[in-house]
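Remarks on the structure that follows.
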Amino acid sequence: MRGWCRDFQRSCRAAGIRVTAQRLAVYEALAADGAHPTADALYTRLARVMPGLSRTTVYRVLDSLERRGLIRRVSSTAGVARFDARPEAHQHLVCRVCGAIVDVSLPTFRRLGVPRGPLPRFVAEHVEVQVVGRCAACHGQDAGGDPGTGT
């Protein structure tokens, strides 16, 4: 993770973004959590060690970093945005029962890229691939469960 934080600081400086204590704390918390946390989960974790940090600041930092391509916003089956500290191309396995999201790099999808041909009234920026199913823990559970709650 230390390497990611150093790379993050270099990327911020290269993009003209100041490396503030709040930005670094949000990124470090995100990089330390491979479960792809929500903004609220990051806020709850950080508020314990940074009492002056506001929920709005966490949302703004995540939004700013995502717009600059320094982190990724990940869709979940529960409809709430989750975040990934790894901006490079990779895929996600998403459990539709418990909502777990796991990073993977599948050779089948490596060839997928941004469409080069013209798209009517649209400029493609990246391709995101999610493989939705059931994780090993949920595999034996009722397939009709509510995503994100396990019920």
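Okay, here's what the table says:
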quantity: The chain: DSSP helices with Cα axial extent of at least 15 Å and average Kyte-Doolittle hydropathy no lower than -1.0; calculated: 21-32, 55-67
quantity: Among LEU53, LEU42, LEU70: highest mean-square fluctuation, GNM of the chain, C-alpha pairs under 10 Å; calculated: LEU53
quantity: Sum of -39500 (n - 2.57) over DSSP H runs of 4+, divided by residues of the chain (222 nm, nearest 500); calculated: -10000 deg cm²/dmol
quantity: Fraction in percent of alpha-carbon pairs per bin - 10 Å, the range 2-74; calculated: 20, 58, 22, 0
quantity: Contour minus Cα-Cα distance for ALA124 and ALA15 (0.36 nm per residue); calculated: 37.1 nm
quantity: Hydrodynamic radius (Kirkwood) for the chain, which is based on Cα pairs only, to one decimal in Å; calculated: 16.9 Å
quantity: Extended-chain gain in nm, criterion 0.36 nm per residue less alpha-carbon gap, VAL132 and ASP7; calculated: 42.0 nm
quantity: Selected from VAL80, GLY117, GLY16, residue furthest toward positive end of dipole (the chain; charges at beta carbon); calculated: GLY16
quantity: Label-zone membership for the range 69-97, site HIS139, 7 angstrom Cα→C-beta point, backbone N under 17 Å; calculated: 93-97
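None of the figures in this text is laboratory data; all of them are computed from the coordinates on show. Because the structure is predicted, anything quoted here is derived from the model rather than measured. Neighbour counts are summed over all protein chains in view; Cβ atoms, including those assigned to glycine, are modelled from backbone coordinates with ideal geometry.
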